[in-house]
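To start, the structure itself, in C-alpha cells.
The values are calculated or read from the model by the stated rules, or taken from the named source; none is laboratory data. For clarity, every value in this text was computed on a predicted model and none was experimentally measured. Heads up, the Cβs are rebuilt from the backbone with ideal geometry, glycines too, and the neighbour counts pull from every protein chain shown.
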Amino acid sequence: MTSRLFVAVLLVALQMSFAAPVFAQQDVDEMDVAGAYSLTTSSYAMAITVPVGLTVLVAVLLLRSSSEMESYIKENSVALQHDLHMGGGETSAELAMMFNVPAEQHAEFAQVLTENRGELLPLTDVDALTPQRAGTFVRVIYNALMEKPEFAQHLPRIGA
C-alpha cells in the first residue's frame, strides 16, 4: 500500500514539475519568440519525460514485485498449488489483494487463476524458482486480468 501511495505522489510531482513552467509562461501578456520556444520545449519535455519516467518507475516496481512474489511463492508454495488446483482459497484471496481486486470479485479472480493454472503451476516449483520466474508468474496473472474489463480497471497500465 505504501508503494502505491509513493507512486501516486511521484506521478503528481512529475506532472507538476513539468507543467509548472508551462503555466507560468502562459501568464505573460507578451510572449516573445524565446518564450514561445521555452513554452514549446517545456511541453515537449513533459510529453517525453513523464512516459520515460513512468516506464522506469514501472520497471523498478516490477523488479521489486518479482522479488516479493518470489518470497511469497517460497513461503506458500504448497497452499498456492492446492488453491490453483481447487479454484480458490486463502492464497487466491491474498493474490487478489496484491492485484488490487475488490473483495466482491475475489471469486471471479480465483476463476481467472484456475483458467491459467497450466501456465502458473510450473512457475510455483520452489526448486526452479527464480526472480525471473516469479516475475513471469506476476505477468501471467496481470495479462489474464487485463483481458477482462472488470479487472483491468483496477490495474495500472504496463507496457507488455
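Six or more apart or on different chains, Cβ atoms under 6 Å: show the pairs whose first residue is in the range 99-110 and free of Cβ contacts under 8 Å to residues at least 60 places away in the same chain and whose second is of a type in the set (A, V, I, L, M, F, W, C) and assigned to a helix (DSSP H, G or I).
Pairs that qualify, where the first residue is free of Cβ contacts under 8 Å to residues at least 60 places away in the same chain and the partner is of a type in the set (A, V, I, L, M, F, W, C) and assigned to a helix (DSSP H, G or I), are V101/F109; H106/A93; H106/A96; F109/A96.
For (1) assigned to a loop (DSSP other than H, G, I, E, B); (2) within 21 Å of E70 (Cβ to Cβ); (3) in contact with a Leu (Cβ under 9 Å, 6 or more places away or on another chain); (4) modelled with pLDDT under 95, each residue gets a yes or a no:
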| position | (1), (2), (3), (4) |
| --- | --- |
| L95 | no, yes, yes, yes |
| E104 | no, no, no, yes |
| G135 | no, yes, yes, yes |
| V138 | no, yes, yes, yes |
| I141 | no, yes, yes, yes |
| A144 | no, yes, yes, yes |
| E150 | no, no, no, yes |
| L155 | yes, yes, yes, yes |
| I158 | yes, yes, yes, yes |
